[in-house]
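The values are calculated or read from the model by the stated rules, or taken from the named source; none is laboratory data. This structure is a prediction, so every number in the text was calculated from the model and none was measured. Quick reminder, even Gly has a Cβ in these numbers, built from the backbone with ideal geometry, and neighbours come from all protein chains shown. These accessible areas exclude ligands, DNA and RNA; they are computed on the full protein's heavy atoms, side chains included. Shrake-Rupley method; radii C 1.70, N 1.55, O 1.52, S 1.80 Å.
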Amino acid sequence: MLLELSSIRKSFGGVRALRDGNLSVAPRQVHALVGENGAGKSTLMKIVAGMLRRDGGDMLWKGRVVDFARPAEAHALGIHMVHQESLLAPHLTVSENVFLGRETRRGALLDRVGMERATARILESHHFPLQANWTVEKLSPAQKQIVEICRALHGEPSMLIFDEPTSSLSDTEAAEVFRTVRELRDRGIGIVYITHRLGELDEIADDVTVLRDGETVHSCPADEVSTREIVHHMVGRDVAAIYDRDKLAPGEVRLKVDVPGVALEVRAGEIVGIAGLMGAGRTEVCETIFGITPAKEGSIAVNGVERNIQSPHGAVEAGIALVTEDRQRTGLAIKLPVRTNVTLANMEAVCTGGVVQAGKERRVAEDYQTRLRMQVDNVEQSAWQLSGGNQQKVVIAKWLFRDTDIVLFDEPTRGIDVGAKAEVFALMDEMAREGKAIVMVSSELPELLQVADRILVMREGSVVAELPRETTQQEIMHHAAVGH
Amino acid sequence: MRPWGTDGGDEFMRNRSQAIQRLLPFISLALLFVVLSIASPYFLTATNLSSVIRQTAVINIMALGMTLVIVSGGIDLSVGSILAFSGVIGTMTMVGTGSVPLGIGVGIVCGTLWGCANGLMISMLRIPPFIVTLGTLGIVRGLTLVISGGLPVVGLPKEHGFLGEGTIGPAPFVLVVLVGCAVLTHFALHGTKLGRYTYAIGSNEAAAVYAGIPVARYKVAIYAICGLLTGVAGMIETSRLMTGQPTAGVSYELQVIAAVVIGGGSLTGGAGTVIGTLIGAFIMGLLSNGSDLLGVNPYWQQVIIGAIIILAVALDEARKRRFST
């Protein structure tokens with residue numbers, strides 16, 4: 001065995017990311033590591049690559065106990081991680097990126113020619129279709145992935161860790177990555193391959209290890225297990241119901257979307273869930289409906305009237321709100337007080353002739369503070385001082401005050417605790433009861449199953465299935481990961 | 001730093017040391033005032049004080065507009081050039097028609113239009129404000145020189161002198177103009193939808209867009225107001241000099257930005273107040289006046305003002321680090 005991990009533990013603050021991580025990797029093997037978001041895959045591999053230190057458990061490298069304080073110590077033993085493309089410097093060339101941080105010199109000057117030659121040698125020996133002097137910026141995502149691989153290959157590795165290498169790639173580009181991975185394996189390198197896409201396992205994996213909630217729950221040769229069994233291992237847990245929602249009789253169609261890949265209808269009083277893996281295009285659907293990336297073809301109709309939505313301003317005017325997935329970046333004016341954030345999308349209602357009626361505005365904000373049970377000292381507190389759950393309530397209050405007919409929720413429970421989650425669901429239910437149409441994008445399948453009336457499953461930019469509320473996580477995962 | 005900001009006014013007395021930190025620009029101004037009163041017998045005289053007000057009025061009024069721009073997360077480097085353009089076109093109108101109000105009106109309209117142009121290019125072409133206004137800084141200055149042939153506009157009607165040099169009772173007329181502009185800008189920034197959106201755009205432009213605010217439209221309005229106030233300042237400048245100088249206002253943008261920054265405006269947007277800016281502009285005005293009175297070498301004045309800018313921002317950053325954890 002190259003690498004043997006047993007009972008690895010790791011906590012961040014009070015959160016236990018890994019409780020019992022086990023994994024054995026042999027030379028000349030592609031070992032796939034699968035699991036849901038937050039199952040601990042990346043944490044486990046960061047420990048192996050020297051980016052994190054374990055709290056407990058044993059890590060053996062070629063039979064000897066090892067402990068890495070920094071990535072360079074892992075590199076020295078031949079363990080390299082191939083990161084996603086984001087870690088490259090886009091304005092530099094392929095060779096400059098390969099040698100970034102470990103440039104070779106001739107005297108005081110950089111040995112540009114020598115580094116380009118060395119890079120060209122790596123590219124040639126693996127038949128990579130790249131030139132050492134190309135600028136990384138102009139490369140495709142798959143080519144950038146190859147640059148990352150070259151960075152690792154330059155260190156003459158014994159083991160490579162791939163962290164979701166195909167998550168942003170098209171099928172043809174992914175095929176190129178598979179070819180490369182197989183070729184590296186055939187040269188004797190041990191490979192750990194983290195992936196979300198179960199469809200890839202047949203293509204690439206020799207062995208599969210499944211992580212769930214920080215524990216290794218299954219490990220076996222890839223040909224001894226079916227995709228369905230893997231899905232079962234990934235999600236096979238009973239999550240206590242945190243919210244139970246009565247189904248309402250849906251009213252008239254509030255939102256009708258018909259754009260390439262996505263056709264959906266949401267009625268008054270209905271909560272429609274959208275499931276899918278990372279990169280399946282769920283957030284993009286919200287962004288299209290909300291006018292951030294307007295669809296070039298197709299149509300969006302609100303309350304039966306077709307609307308040409310070209311900007312968020314246009315979307316809000318049409319009666320559509322979006323609770324974004326990233327509160328810090330797009331949800332809140334974080335430095336401004338709660339009061340300002342609550343009224344921001346509906347200033348007209350607290351203004352007379354463009355002049356803010358301070359007293360009225362304050363009362364509105366305080367009213368929502370009470371109704372939504374925001375835990376804030378007063379409405380003048382800056383938004384950044386609040387907890388995630390309270391920030392989310394501020395965002396929801398903003399749209400409640402605007403009173404749009406349609407509310408899109410993108411990952412509404414991200415970064416908030418269980419109590420606040422239940423409150424957010426209660427608010428969504430209340431909105432539905434008031435006759436609003438709700439779309440909920442979520443990676444949390446148990447939550448979708450509890451809250452949504454029906455669930456659309458997306459894969460690679462398209463809706464591939466529509467499932468009733470009574471469906472199962474396995475069923476959703478099956479459609480999301482492998483299709484029909 | 002928001003000495004009297006209506007936004008966040010309530011948490012203002014929560015912590016005494018925080019309050020002192022927030023009041024720092026005002027305390028510095030008061031201290032400077034006291035020190036100069038003691039150090040020079042000529043400082044606290046009506047003549048000297050009205051001369052300080054006349055000298056700082058131009059920078060002060062431009063800084064009001066710049067406050068809006070900086071609060072919105074932008075910057076306007078072209079104000080010095082716009083000041084000259086407005087002054088030259090305004091005085092040419094005056095000389096041509098013999099009408100002072102018409103000339104002043106035309107000057108202000110010119111400033112407003114250039115502000116609009118800046119705002120349109122920033123929001124339509126999606127070019128950073130620094131670049132757009134660096135470009136218009138050159139374009140507007142060049143056009144001013146072309147139109148005027150590089151020569152000052154002379155022979156202005158005598159009545160035009162009232163704007164910059166006249167008095168109402170004991171007070172210089174420019175003080176009335178300055179107070180009027182400051183009250184209106186303060187109200188616009190802290191009491192209107194426009195002002196609220198200005199803070200929202202500067203605090204987090206993406207969030208403002210996602211809240212459905214027509215950000216592009218409001219940016220044009222913000223730069224237009226900055227241009228308008230620069231036009232007003234340009235006409236005051238011509239009144240003080242009694243000529244339309246095509247080379248007026250060179251490097252004023254730096255003093256204007258400095259006034260906003262000393263007064264607590266943040267170049268990353270979302271912070272700044274009209275009162276802070278006024279204090280910042282007066283601190284700079286008093287420093288320069290005091291140095292003159294005390295016979296400090298004018299070369300050293302630049303050194304002192306430069307150091308004050310760095311010190312003010314360093315203190316502000318230290319305050320933020322201390323209170324934002």
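Summary table
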{"read-out": "Test for residue B:231: is it within 13 Å of chain A (Cβ to nearest Cβ), of a type outside the set (Val, Ile, Thr) and touching a helix residue (DSSP H, G or I) at 6+ places or on another chain (Cβ under 9 Å)", "value": "no"}
{"read-out": "Test set (1) on the phi < 0 side of the Ramachandran plot; (2) surrounded by 21 or more Cβ atoms within 10 Å (Cβ to Cβ); (3) not β-branched (Val, Ile, Thr) - residue A:40 fails condition number", "value": "(1)"}
{"read-out": "Qualifying residue in region A:364-372 (condition: of a type in the set (Asp, Glu), closer than 22 Å to residue B:214 by Cβ and in the same structural domain as residue A:386 (by TED's automatic domain parsing))", "value": "no"}
{"read-out": "Some residue of region A:243-264 being at pLDDT 80 or above, open to solvent by less than 90 Å² (accessible area, probe 1.4 Å) and on the phi > 0 side of the Ramachandran plot", "value": "yes"}
{"read-out": "Which listed residue is exposed (fewer than 15 other Cβ atoms within 10 Å of the Cβ), in contact with a helix residue (DSSP H, G or I) (Cβ under 8 Å, 6 or more places away or on another chain) and either at negative phi or of a type in the set (Lys, Arg) (or both), from B:97, B:144", "value": "B:97"}
{"read-out": "Which listed residue is of a type outside the set (Phe, Trp, Tyr), out of contact with any strand residue (DSSP E or B) (no Cβ under 8 Å at 6 or more places or on another chain), in contact (Cβ under 8 Å) with a residue 40 or more places away in the chain and on the phi < 0 side of the Ramachandran plot, from B:215, B:183", "value": "B:215"}
{"read-out": "Subset of region A:72-114 that is in contact with a helix residue (DSSP H, G or I) (Cβ under 6 Å, 6 or more places away or on another chain) and part of a helix (DSSP H, G or I) - its residue that is surrounded by the fewest Cβ atoms within 10 Å (Cβ to Cβ)", "value": "A:85"}
{"read-out": "Some residue of region A:349-363 being at pLDDT below 90, more than 13 Å from chain B (Cβ to nearest Cβ), open to solvent by 40 Å² or more (accessible area, probe 1.4 Å) and farther than 18 Å from residue B:203 by Cβ", "value": "no"}
{"read-out": "Sole exception among (1) away from every other protein chain (no Cβ under 14 Å); (2) within 19 Å of residue A:405 (Cβ to Cβ); (3) open to solvent by 10 Å² or more (accessible area, probe 1.4 Å) for residue A:276, by number", "value": "(2)"}
{"read-out": "Pairs with Cβ under 8 Å, 6+ apart, first in region A:220-233 and within 10 Å of residue A:208 (Cα to Cα), second loosely packed, with under 14 Cβ neighbours inside 10 Å", "value": "A:222/A:202"}
{"read-out": "Contacts under 7 angstrom Cβ, first residue in region A:166-180 being at positive phi, partner buried (at least 16 other Cβ atoms within 10 Å of the Cβ) and part of a helix (DSSP H, G or I), 6 or more apart", "value": "none"}
{"read-out": "Region A:301-348: number of residues that are under 21 Å from residue A:412 (Cα atoms), more than 10 Å from every other protein chain (Cβ to nearest Cβ) and either among the acidic types (Asp, Glu) or surrounded by fewer than 24 Cβ atoms within 10 Å (Cβ to Cβ) (or both)", "value": "2"}
{"read-out": "Among the residues listed as B:179, B:174, the single one being of a type in the set (Val, Ile, Thr) and open to solvent by 10 Å² or more (accessible area, probe 1.4 Å)", "value": "B:179"}
{"read-out": "Sole residue being open to solvent by less than 40 Å² (accessible area, probe 1.4 Å), farther than 21 Å from residue B:215 by Cβ and either more than 11 Å from chain B (Cβ to nearest Cβ) or basic (Lys, Arg) (or both), chosen from A:298, A:388", "value": "A:388"}
{"read-out": "Conditions (1) part of a helix (DSSP H, G or I); (2) within 14 Å of another protein chain (Cβ to nearest Cβ): number failed by residue A:368", "value": "(2)"}
{"read-out": "Every residue from region B:268-287 that is within 14 Å of chain A (Cβ to nearest Cβ) and either open to solvent by 10 Å² or more (accessible area, probe 1.4 Å) or over 14 Å from the mean Cα position of the chain (by Cα) (or both)", "value": "B:268, B:269, B:270, B:271"}
{"read-out": "Meets criteria (open to solvent by 70 Å² or more (accessible area, probe 1.4 Å), touching a residue at least 24 places away in the same chain (Cβ under 8 Å) and β-branched (Val, Ile, Thr)) for residue B:109", "value": "yes"}
{"read-out": "Lone qualifier among A:209, A:227, A:216 - being touching a helix residue (DSSP H, G or I) at 6+ places or on another chain (Cβ under 6 Å) and assigned by TED's automatic domain parsing to the domain that holds residue A:26", "value": "A:227"}
{"read-out": "Pair list, Cβ < 6 Å and 6+ apart or interchain, from region B:41-68 residues that are over 25 Å from residue B:82 (Cβ atoms) and buried (at least 17 other Cβ atoms within 10 Å of the Cβ) to residues that are among the polar types (S, T, N, Q) and at pLDDT 90 or above", "value": "B:43/B:37"}
{"read-out": "Residue within region B:54-76 that is at pLDDT below 95, at negative phi, outside any helix (DSSP H, G or I) and charged (D, E, K, R) present", "value": "no"}
{"read-out": "Residues being more than 7 Å from chain A (Cβ to nearest Cβ) and out of contact with any helix residue (DSSP H, G or I) (no Cβ under 7 Å at 6 or more places or on another chain) - total across region B:178-215", "value": "6"}
{"read-out": "Conditions (1) within 28 Å of residue B:263 (Cα to Cα); (2) among the aliphatic types (A, V, I, L, M); (3) part of a helix (DSSP H, G or I): number failed by residue B:106", "value": "(1)"}
{"read-out": "Members of region A:190-218 that are touching a residue at least 60 places away in the same chain (Cβ under 8 Å), aliphatic (A, V, I, L, M) and in a strand (DSSP E or B)", "value": "A:191, A:192, A:194, A:208, A:210, A:211"}
{"read-out": "Members of region A:405-435 that are of a type in the set (Gly, Ala, Ser) and over 24 Å from the mean Cα position of the chain (by Cα)", "value": "A:426, A:432, A:435"}
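Table: residues versus (1) outside any helix (DSSP H, G or I); (2) farther than 29 Å from residue A:344 by Cβ.
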residue	(1), (2)
B:235	no, yes
B:247	yes, yes
B:265	yes, no
B:270	yes, no
B:282	no, yes
B:290	no, yes
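Residue-wise test of (1) outside the structural domain of residue A:171 (by TED's automatic domain parsing); (2) of a type in the set (Asp, Glu); (3) crowded, with 24+ Cβ neighbours inside 10 Å; (4) in contact with a Phe, Trp or Tyr (Cβ under 8 Å, 6 or more places away or on another chain).
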{"residue": "A:401", "(1), (2), (3), (4)": "yes, no, no, yes"}
{"residue": "A:405", "(1), (2), (3), (4)": "yes, yes, no, no"}
{"residue": "A:408", "(1), (2), (3), (4)": "yes, no, yes, yes"}
{"residue": "A:411", "(1), (2), (3), (4)": "yes, yes, no, no"}
{"residue": "A:415", "(1), (2), (3), (4)": "yes, no, no, no"}
{"residue": "A:423", "(1), (2), (3), (4)": "yes, yes, no, no"}
{"residue": "A:427", "(1), (2), (3), (4)": "yes, no, no, no"}
{"residue": "A:449", "(1), (2), (3), (4)": "yes, no, no, no"}
{"residue": "A:462", "(1), (2), (3), (4)": "yes, no, no, no"}
